[in-house]
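S.K.: Below is one structure. I have some questions about it.
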Amino acid sequence: MKTGFSIKSLVLNTRKIVLRFFASKHTESLSTKQMGYSLVEVLVAITVLLIALVGPLTIAHSGLKRAIESKDNTLAVFLAQEGIEALVKLREDDALDASGYNDLGDVWGNMTTIASLCPVGGDDRCGVQIGDDGSITTSSFYRCSGSNCAINKYEGARVPLKQRASGGTPTIYTRELSITVSDSLARVRSEVSWGDDPSDSVTLESYIYNIYYEP
């Protein structure tokens, strides 16, 4: 004989037990074979049902929580990388505009200016305000702290997640940049956080080389 167990069959059997229990309370004369289950049996059946449901519900809740954490972490990585790429774009834009410099090596001067705002290892941090058209200039970088480092969301914008822009909807993310520059390279740290827990943060570090440096 083939036997099996499933939550569906347990629910159906529990329902039958409950119905028979309450039906027995409204019947004045019943034979021994017709009497319903006792209250203890009903409670035991309900307890078994609850135990059977707790496991799947706990697994579902844990899976949903991990999915949300993964989403937050992934977006934080993209935002941290964007902060580094903003400096790379500034270097390239300066190089393309090199006709305004006496020496191509002078394009590195903008990187030095930004580094003075928020050096690696110092207490100050920088944010970057990316233009609606994706433009980056030296004035795009500013010293920030606390809520001034926050990132807001702008629905329908070409750059939907931005710092230091009026309006928008506040997000849970903040981004802080710190930079140290030498003649040949810039060391950049980009940290994005979204909660009070130390694990709710992502820090990326990269080196941007002065490919136009002439020793």
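S.K.: Give me the residue from the stretch 152-191 that is among the aliphatic types (A, V, I, L, M) and touching a Phe, Trp or Tyr at 6+ places or on another chain (Cβ under 6 Å) and, out of that set, farthest from Y212 (Cα to Cα).
M.R.: I172
S.K.: Shifting gears a bit: Quick one: which residue in K153, K162, K71, K65 is among the basic types (K, R), surrounded by fewer than 15 Cβ atoms within 10 Å (Cβ to Cβ) and in contact with a Gly (Cβ under 8 Å, 6 or more places away or on another chain)?
M.R.: Among K153, K162, K71, K65, only K153 is among the basic types (K, R), surrounded by fewer than 15 Cβ atoms within 10 Å (Cβ to Cβ) and in contact with a Gly (Cβ under 8 Å, 6 or more places away or on another chain).
S.K.: Can you name the residue in the stretch 147-162 that is in a helix (DSSP H, G or I) and within 18 Å of the chain's Cα centre (by Cα) and is also farthest from S190 (Cα to Cα) among such residues?
M.R.: Taking the candidates together, the pick is S147.
S.K.: How many of the residues in the stretch 175-194 are in contact (Cβ under 8 Å) with a residue 60 or more places away in the chain and closer than 16 Å to N148 by Cα?
M.R.: 8
Yes/no per residue for (1) closer than 14 Å to V188 by Cα; (2) touching a residue at least 24 places away in the same chain (Cβ under 8 Å); (3) in contact with a Pro (Cβ under 7 Å, 6 or more places away or on another chain):
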{"position": "V107", "(1), (2), (3)": "no, yes, no"}
{"position": "I114", "(1), (2), (3)": "yes, yes, no"}
{"position": "D123", "(1), (2), (3)": "no, no, no"}
{"position": "V128", "(1), (2), (3)": "yes, yes, no"}
{"position": "G131", "(1), (2), (3)": "no, yes, no"}
{"position": "I136", "(1), (2), (3)": "no, yes, no"}
{"position": "F141", "(1), (2), (3)": "yes, yes, no"}
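S.K.: Could you tell me whether the stretch 83-97 includes any residue that is farther than 16 Å from P160 by Cα and outside any helix (DSSP H, G or I)?
M.R.: Yes, the stretch 83-97 has at least one match.
S.K.: Take the residues in the stretch 199-215 that are under 17 Å from L75 (Cα atoms) and outside any strand (DSSP E or B); name whichever of them is modelled with the lowest pLDDT.
M.R.: The residue in question is S199.
S.K.: I'm told I172 meets every condition in (1) within 20 Å of L90 (Cβ to Cβ); (2) among the hydrophobic types (A, V, I, L, M, F, W, C); (3) surrounded by fewer than 16 Cβ atoms within 10 Å (Cβ to Cβ); (4) in contact (Cβ under 8 Å) with a residue 40 or more places away in the chain except one. Can you identify the failing condition by its number?
M.R.: Of everything listed in (1) within 20 Å of L90 (Cβ to Cβ); (2) among the hydrophobic types (A, V, I, L, M, F, W, C); (3) surrounded by fewer than 16 Cβ atoms within 10 Å (Cβ to Cβ); (4) in contact (Cβ under 8 Å) with a residue 40 or more places away in the chain, I172 misses just condition (1).
S.K.: Moving on. Report the residue count in the stretch 165-215 for those that are over 21 Å from the mean Cα position of the chain (by Cα) and at positive phi.
M.R.: Matching residues across the stretch 165-215 total 1.
S.K.: So which residues in the stretch 155-164 are on the phi < 0 side of the Ramachandran plot and charged (D, E, K, R), if there are any at all?
M.R.: E155, R158, K162
S.K.: Do you know which of the residues in the stretch 71-120 that are polar (S, T, N, Q) and either out of contact with any strand residue (DSSP E or B) (no Cβ under 8 Å at 6 or more places or on another chain) or at pLDDT below 85 (or both) is nearest to L204 (Cα to Cα)?
M.R.: Checking each candidate, the answer is T74.
The values are calculated or read from the model by the stated rules, or taken from the named source; none is laboratory data. All of these numbers come straight from a predicted model, not from anything done at the bench. As a convention, Cβ positions derive from the backbone with ideal geometry for all residues, glycine included, and neighbour counts pool all protein chains shown.
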